[in-house]
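Accompanying notes for the structure given below.
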Amino acid sequence: MALLEIEHLTKEFDGVTALQDVNLQVREGEILGVIGPNGAGKTTLFNCITGMFSPDRGTIRFRGEPIQGRRPHEIARRGIARTFQIVRPFPALSLTDNVLVAYGHRYYPRLGASTTASRTQASLQACHRLLDRVGMAAGHERAAGTLPLGFKKRLEIARALALNPSLLLLDEPSGGLRHEESQELLELIRRLNQEGITIVLIEHNMPIVMGVCRRLVVLDHGIQIAEGDPAAIQRNPQVIEAYLGKASV
Amino acid sequence: MLSGYVVTVLITIGIYVILALSLNMITGYAGQISLGHAAFMGIGAYTSALLYTRAEFSFWPAFFVAGLVAGAVGAVLAIPCLRVREDFLAITTMGINFVVEATFLYVPFFGAGMGIGGINPPRLFGSEISKPGFLLLVTGVIAAVIAVDRWLIRSWIGLAWAAIREDEEAAGAMGIDVVRFKVLAFTLGSAGAGLAGSLYAHFLTFIMPVNFGFGQSIVILSMVVFGGIGTLRGPIVGAIVLGALPEISRPAMEYRTLLYGILLLMLMRYQPDGILGERSLLVRGWHALRQQAAPMKN
């Protein structure tokens, strides 16, 4: 059974179809790449999976249970974590507190538990370990808003990891990064995957996609136009057309 | 000892401290603007006054029921409020204030324009407490509110509020039930205002709808913003300074609303963190001084 199964997923905004009849499966343990030109519906797909948008039609199953239309916090608590295309750390909070917010997911559901102290030795150590894990060993008490972009992206990953996810959705993790930063991030993604986290990656940076994903899904104008291994995708005429226009085929 | 006048001013300021601290939970910690905090103070004041004058409750049960009722109404009213965002939330909470004030003003059960009189100060050991005794009571309530405030801020609730204040959607993606924690902020903040309202009613012994109007809400909000929104010290200092100001200067009393309006505008423009917020001139200056002083000590 696939970890995540999406069937006939359709999402419209004021008559504009952002996703149309998308069917895809995420297999346990893989790194799946989602590519496509700007406006193809990639982020909308993430927003539907994580409950920020409610799909108009179709089903999304996580571990066999339907999750479409559930609220974001319910989906996060089930083990689907995400990062944002335009980074969204909590700017005024320290790095530790940013991670702590997500680490608290096990306390928020019950009122009694959420009145207990948040900054215990155990929870702080757990958050520091997560920050170490994404390569942020120092400056944990800095405000997140003051970080350079590359570190904000790492922080978002640390925060997502604090949810103890089995599925991690990364929305353009290399966007805006220098080459070396991208390479480091690529290593991090590989390592997390080896540690057992299934990953779906939206990415524009083709070397990254080709380097890290063994399977790709291509969206164009909300329609899934191709699926397969990177080599086959690179030869697929429909994909080439979507990226480069009709004339180049 | 303190003169009766000074004690009266201190009690009034103390009640404002409770109001400012309770609004700070909603607007400072959870980041939800409210322009209708006086409505919940009014609900507490009227609940306490009605229970005392018509249902023969004594002060203490009336005081606690006032907090519960204001908190419950806050929870119910929070739900439609949470469907709207920032600017609309300001207008919705303002609207709630007008509706609550109009209800007190036009419904005969609430005494209409005449208000409710004959509310006595609390009794302790069989006799009415004196003014200094009342001041002590208010101080005790402030201490309790501060204790609850600190406890919440150190808990997961405080962290969830901070996340919601910073980025609501990201907070949801981190497993925080945004609606539930917002309702909790409105409930606790409104309950605090209800307790303050009860104290206010039993201190003045006479309440009128106009005491709980939009202008009063702006006064409370000014105190929170002036001192430094989202901190503990800010609302306390704000309530003390802006509460004392009209007593020190008569013109400040007469042009109070105008003055607070200008003050709010100036703060938003030049010191959005208030005078004692983390990024305010005073606090940054203090940190700079301490850093300069530190090497000298070593």
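Side notes on the structure shown:
- Relative contact order [Cα under 8 Å, 6+ residues apart], region A:19-101, whole percent: 19
- Sorted by Cβ density within 10 Å, fewest first, the residues A:Val99, A:Val217: A:Val217, A:Val99
- At 0.692 mPa s and 37 °C, Stokes D of chain B from Kirkwood alpha-carbon radius, µm² per second: 167
- For region B:172-293, the Kirkwood estimate of the hydrodynamic radius, built from every pair of different alpha carbons, is 16.6 Å.
- Chain B: calculated mean residue ellipticity at 222 nm from DSSP helix runs of at least 4, using -39500 (n - 2.57): -24500 deg cm²/dmol
- Cα convex hull of region A:161-204, projected area averaged across orientations, nm²: 3.1
- In region A:92-249, the DSSP beta bridges split such that about 55 percent are antiparallel, to the nearest 5.
- Relative contact order (percent, whole number), chain B, Cα cutoff 8 Å, 6+ residue spacing: 32
- Charge context of A:Glu65, other residues only, Cβ under 14 angstrom, K/R +1, D/E -1: +2
- Counting beta carbons within 10 Å around each of B:Phe104, B:Phe109 and listing the fewest first gives the order B:Phe109, B:Phe104.
- Normalised by residue count, region B:95-226 yields a Cα convex hull volume of 149 Å³ per residue.
- Overall form of region A:52-198 per C-alpha gyration tensor (a/c, 1.5; a/b vs b/c): oblate
- Whole-percent pair-distance distribution, where bins are 5 Å wide, for the alpha carbons of region B:1-69: 4, 15, 17, 19, 18, 15, 9, 3, 0
- Debye-formula intensities of chain A, expressed as log10 I(q)/I(0) at q = 0.07, 0.13, 0.14 Å⁻¹, are -0.24, -0.82, -0.95 (one equal scatterer per alpha-carbon, no solvent).
- When each of A:Ile225, A:Ile49 is scored by the number of other beta-carbon atoms lying within 10 Å, the sequence from fewest to most is A:Ile225, A:Ile49.
- Relative contact order [Cα under 8 Å, 6+ residues apart], region A:91-164, whole percent: 52
- The DSSP beta bridges internal to the protein assembly as shown are antiparallel in roughly 60% of cases.
- A viscosity of 0.890 mPa s and a temperature of 25 °C, combined with the Kirkwood radius over C-alpha pairs in the Stokes-Einstein formula, give region B:34-89 a diffusion coefficient of 202 µm²/s.
- The Cα center of region A:223-241 and the Cα center of region A:1-57 differ in position by 17 Å.
- Look at where the Cα atoms of region B:129-204 and of region A:105-130 average out, and the two centres are 21 Å apart.
- Remark: region B:84-216 carries a charge dipole of roughly 500 debye about the Cα centre, counting +1 on each Lys and Arg Cβ and -1 on each Asp and Glu Cβ.
- Legend: helices of chain A (whole DSSP H runs) are marked when their alpha-carbon atoms reach 15 angstrom or more along the helix axis and their mean Kyte-Doolittle hydropathy is at least -1.0; marked are A:121-133, A:149-161.
- Normalised convex hull volume, the protein assembly as shown, alpha-carbon set, Å³ per residue: 201
Since every read-out is calculated from the coordinates, none of them should be taken as a lab result. Since we're looking at a predicted model, the values are computed, not measured. Note: ideal-geometry Cβ built from the backbone for every residue, glycine included; neighbour counts use all protein chains shown.
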